[in-house]
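First up is the structure itself, then whatever we jot down about it.
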Amino acid sequence: MVRIQAKMHIAYAGVSIVNAIPCGIGAVLPINLKAFAKEGKRNRNSPLINAIEDYLIKNYKIKTSFEVYSEIPEGVGLKSSSAVSVAIISSISHKLGDVYPPKLSAIITKNYNLSITGAFDDAVASYEGKISFTDNINLKILKLEKPSHDLKVIIFINDKRHDLNLSLMRENCKSFKIAFEKAFNGNIYEGIKINGYLMSEINGYDKKILDLMMEKGALTAGISGNGPAYFSLVKEGEEGPILDYLSNKGKIIVSEVLK
Ligand SMILES: Nc1ncnc2c1ncn2[C@@H]1O[C@H](COP(=O)(O)OP(=O)(O)OP(=O)(O)O)[C@@H](O)[C@H]1O
Ligand SMILES: O=C(O)C1=C[C@@H](O)[C@@H](O)[C@H](O)C1
């Protein structure tokens with residue numbers, strides 16, 4: 001008997017350039033941490049996996065389950081849920097007709113209250129492996145860009161996720177929009193920094209960590225997603241001072257910007 005093994009579908013983690021919650025527009029830089037999924041025996045339970053399976057039954061009459069593996073830490077802002085979601089949807093997209101997995105991921109996560117805007121920015125970067133600029137309200141890709149430099153990403157987690165001050169985030173839409181426009185027009189580092197300082201100010205994350213990452217040689221430093229992950233981008237070989245500063249203060253992950 002010939003056994004045909006379903007292949008694993010891959011999607012990527014990412015760090016936020018600009019959070020989409022305040023204005024409905026967001027941007028994400030993909031990084032080299034992966035999630036994998038294929039149809040198969042369920043090996044993991046989560047509200048996200050339940051939601052996707054439920055949506056497939058209700059909308060496509062497909063009753064199935066998925067095997068999921070992930071190297072992305074969960075619940076810290078590194079787009080784990082979008083990566084798992086687009087990897088799962090990609091693995092079954094041949095049965096769904098003409099669907100763009102990030103779009104379906106956004107529809108499902110918004111409908112099941114697993115994201116606020118649908119996190120289309122996260123899902124597009126995760127699926128395409130490129131820098132995404134998106135309008136999450138209208139599910140439109142505004143721009144996709146290939147990261148052009150070899151950069152390391154130093155991720156630092158020393159806290160639990162804070163409760164978000166959603167109304168204050170939305171009140172500050174104008175400032176987040178400036179960050180988005182800077183990044184959209186080519187200054188991604190500045191966009192990341194503005195977004196990071198706004199997120200720390202509004203949601204009580206520690207601005208000193210961003211300051212110190214910058215002082216220790218980062219090209220930029222920010223907060224990913226809804227936190228609590230802080231991150232900095234550095235040139236390869238220049239990680240030392242930031243790693244020295246962060247060591248023993250929390251969990252550190254070193255990855256690279258996806259090229
Ligand atoms: N590796 C995973 N496997 C299965 N379910 C996951 C995985 N990662 C996240 N989820 C599920 O996705 C849902 C949303 O989680 P959460 O908002 O914390 O996502 P996140 O991607 O880790 O964080 P963020 O969206 O801020 O980057 C939860 O139901 C969570 O259990
Ligand atoms: O819940 C949401 O809609 C989002 C969550 C975060 O990952 C954000 O970074 C993203 O832009 C939008």
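The values are calculated or read from the model by the stated rules, or taken from the named source; none is laboratory data. Computed from a prediction, not measured in an experiment: that's the story for all the values here. Note that each Cβ is placed from the backbone with ideal geometry, even for glycine, and that neighbours are counted across all protein chains shown. Just the protein is used for accessible areas: all its heavy atoms, side chains included, with ligands, DNA and RNA removed. Shrake-Rupley method; radii C 1.70, N 1.55, O 1.52, S 1.80 Å.
Listed here are the residues, each with its yes/no results for (1) more than 26 Å from LEU142 (Cβ to Cβ); (2) touching a His at 6+ places or on another chain (Cβ under 7 Å); (3) not aliphatic (A, V, I, L, M).
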{"residue": "ALA183", "(1), (2), (3)": "no, no, no"}
{"residue": "GLY186", "(1), (2), (3)": "no, no, yes"}
{"residue": "ILE194", "(1), (2), (3)": "no, no, no"}
{"residue": "TYR205", "(1), (2), (3)": "yes, yes, yes"}
{"residue": "MET213", "(1), (2), (3)": "yes, no, no"}
{"residue": "LEU219", "(1), (2), (3)": "no, no, no"}
{"residue": "GLY222", "(1), (2), (3)": "no, no, yes"}
{"residue": "GLY227", "(1), (2), (3)": "no, yes, yes"}
{"residue": "VAL234", "(1), (2), (3)": "yes, no, no"}
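Within segment 129-155, the set of residues being buried (at least 24 other Cβ atoms within 10 Å of the Cβ) and within 15 Å of TYR100 (Cβ to Cβ) comprises SER132, THR134, ASN136. Selection of segment 105-128 for residues being open to solvent by less than 10 Å² (accessible area, probe 1.4 Å) and more than 12 Å from ligand 2 (Cβ to nearest atom) yields only ILE108. The residues on offer are SER46, SER16, and the sole one that is surrounded by fewer than 19 Cβ atoms within 10 Å (Cβ to Cβ) and touching a helix residue (DSSP H, G or I) at 6+ places or on another chain (Cβ under 9 Å) is SER46. Criterion applied to LEU29, LEU78 was being open to solvent by less than 20 Å² (accessible area, probe 1.4 Å), out of contact with any Asp or Glu (no Cβ under 6 Å at 6 or more places or on another chain), near ligand 1 (Cβ under 9 Å from one of its atoms) and under 21 Å from ASN136 (Cβ atoms), and the one residue passing it is LEU78. Pairs meeting the criteria (first residue in segment 106-120 and in contact (Cβ under 8 Å) with a residue 24 or more places away in the chain, second residue more than 6 Å from ligand 2 (Cβ to nearest atom) and among the acidic types (Asp, Glu), beta carbons under 8 Å, at least 6 apart or on different chains) are TYR112/ASP54; PHE120/ASP135.
In this structure, does SER65 turn out to be at pLDDT 95 or above, open to solvent by 30 Å² or more (accessible area, probe 1.4 Å) and more than 25 Å from LEU151 (Cα to Cα)?
Values: at pLDDT 95 or above: yes; open to solvent by 30 Å² or more (accessible area, probe 1.4 Å): yes; more than 25 Å from LEU151 (Cα to Cα): yes.
Yes.
Taking (1) aliphatic (A, V, I, L, M); (2) more than 16 Å from ligand 1 (Cβ to nearest atom); (3) more than 23 Å from ALA87 (Cβ to Cβ) in turn, LEU164 satisfies each apart from (2).
Considering the conditions (1) open to solvent by 50 Å² or more (accessible area, probe 1.4 Å); (2) assigned to a loop (DSSP other than H, G, I, E, B); (3) under 20 Å from ILE21 (Cα atoms); (4) small (Gly, Ala, Ser), SER167 is excluded by exactly one of them, (2).
Here is a list: LYS208, LYS249. Which entry is of a type in the set (D, E, K, R) and part of a helix (DSSP H, G or I)?
Just one listed residue meets the conditions, LYS208.
Residues that are of a type outside the set (S, T, N, Q) and free of Cβ contacts under 8 Å to residues at least 40 places away in the same chain within segment 72-95 comprise GLU74, ILE89, HIS94, LYS95, listed in sequence order.
Could you check how many residues of segment 213-240 are crowded, with 19+ Cβ neighbours inside 10 Å and either basic (Lys, Arg) or assigned to a helix (DSSP H, G or I) (or both)?
Number of matching residues: 2.
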